[in-house]
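For reference, the structure is listed below as structure tokens.
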Amino acid sequence: MAEKGMDLNRFILEEERKHPSASGSLSLALMALESAAKIIASHVRMAGLADVLGQAGKVNVQGEEVQKLDELSNTVMLQHLLDSGQFYALASEELNEPVYSHKGKDAKYVIAFDPLDGSSNIDVNVSIGTIFSIHRRIGDSVENFLQEGYKQVAAGYIIYGSSVMFVLTTGNGVNGFTYDPAVGMFLLSHPDIKIPEKGKIYSINEANAHKWTDEGLVRYIDKLKEEGYTSRYIGSMVADVHRTLIKGGMFGYPADRKNKSGKLRLLYEAAPMAYIIKQAGGRSTTGKMDILDVKPEDIHQRVPVFIGSKKEIDQLLEFIS
Ligand code: AHG
Ligand code: MN
Ligand code: MN
């Protein structure tokens, strides 16, 4: 296990050294993500001010146009990831079509990302995040993004919360790095994260319960209440999943009468989070199958999501059809 305090760059390089045949491309790719994360984090911290400073003709004190934070995060991600030259193509929740990188035309990887998750929480100062999922390039066009989640090479998220954290898996466990603003580095604070076998919290938007299409889900949530569980729901997947990863329990966004496949997107939200949770010893399902086994048919496809401790997800599957 890596030592607490190790900085993310060194961690990435030491991981690379474990694979003597590695070209270094994934390391450079992850470092580009780290840089983008630092820049987005600094903008998120200023979110309240950007608005104030932007009031005069939407131009801030630096003379730059004030952008909405999710557009800005998307732009920062695109710039850094394209510039790294390590990605053949990029897919963003904010863009209709994948972007093909000129600099990365011989690159080995493709990346899908949600530049800013939980954006309805920006204005109320509640945790938000960036989620990413990396696959190997397998072809020339969209098929690169239509690969199952279990084929991910790396996945992670950055949570902009009471502290900023970078949570990463490259298929060899999960590690969490907390940003130290004094030195400008992400330092290993949560080595080899394991989700508890069982938790005491469920996290689901219960206001939708009357629309849920699976009766069993209502009975399951009732059962959790009887067993003394408590409820927490932030409305930023990244924050709800992060809490679930650390404390255990269950996070869900089910299908309902309005959202027949739920709300969360397979490529940018469900698959990377499912991979992280699995690497931490947890489980995830759409209700019908493991999220990691779903073969995407469309880059913006949505899926029902249930993610969490093994115990809760096993029990859930006994209730739902
Ligand atoms: P995004 O901000 O990237 O569009 O994602 C919002 C998502 C997700 O973060 C969260 O779990 C969910 O929307 C909350 O939806 P409800 O408000 O319907 O509960
Ligand atoms: Mn999102
Ligand atoms: Mn988003």
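Read-outs: derived from the displayed coordinates by stated rules, not from any lab. Just so it is clear, the model here is predicted, and its values are computed rather than measured. Every residue, glycine among them, receives a Cβ derived from its backbone with ideal geometry; neighbour counts consider all protein chains shown.
Roughly what angle does helix 25-45 make with the longest principal axis of the chain, taking Cα atoms, 0 to 90 degrees, to the nearest 10? Taking Cα atoms only, the helix is inclined about 80 degrees. Rounded to the nearest 10 degrees, the angle from helix 237-247 to the longest Cα principal axis of the chain is 70 degrees.
Using the Cβ-Cβ distance between Val142 and Glu227 with R0 set to 41 Å, the FRET efficiency from 1/(1 + (r/R0)^6) comes to roughly 0.40.
Could you work out the helix-only [θ] at 222 nm for the chain, with each DSSP H run of four or more residues adding -39,500 (n - 2.57) and the total divided by the number of residues, to the nearest 500 deg cm²/dmol? The per-residue figure over the chain is -9500 deg cm²/dmol. Taking the inverse of the mean reciprocal distance over all distinct Cα pairs, the Kirkwood hydrodynamic radius of region 8-190 comes to 17.1 Å. Taking amide H atoms as placed 1.01 Å from N in the peptide plane, the amide H of Arg302 lies under 5 Å from those of Leu266, each 5 or more residues away in sequence or on another chain. Taking the DSSP bridge list for the chain and keeping only pairs wholly inside it, about 80 percent are antiparallel. Could you pull out the pairs from Lys198/Lys260; Lys4/Lys263; Lys68/Lys194; Lys198/Lys288; Lys198/Lys295 whose alpha carbons sit more than 26 Å apart here? Lys198/Lys260; Lys4/Lys263; Lys68/Lys194; Lys198/Lys295, as the Cα separations exceed 26 Å there. Of the residues Leu13, Tyr109, Leu69, the one whose Cα sits farthest toward the positive end of the charge dipole of the chain, with +1 on the Cβ of Lys and Arg and -1 on the Cβ of Asp and Glu, is Leu13. For region 201-320, the calculated P(r), taken from all Cα-Cα distances in 5 Å bins from zero up to the bin holding the longest distance, is 2, 12, 24, 27, 22, 10, 2, 0 percent.
As a ratio to 2.2 N^0.38 Å, the alpha-carbon radius of gyration computed for the chain takes the value 0.98. By other beta-carbon atoms within 10 Å, ranking Leu146, Leu116 with the fewest at the front produces Leu146, Leu116. Residues of region 247-285 with an amide N closer than 16 Å to a point placed 7 Å from the Cα of Ser120 along the Cα-to-Cβ direction: 252-260, 262-265. Charged side chains reduced to their Cβ positions (Lys and Arg at +1, Asp and Glu at -1) give region 8-190 a dipole of some 560 debye around its Cα centre. Between Glu318 and Ala209, the FRET efficiency from the beta-carbon distance, with R0 = 22 Å, is close to 0.70. If the segment from Lys258 to Gln79 were pulled out straight at 0.36 nm per residue, it would be longer than the present Cα-Cα gap by 60.9 nm.
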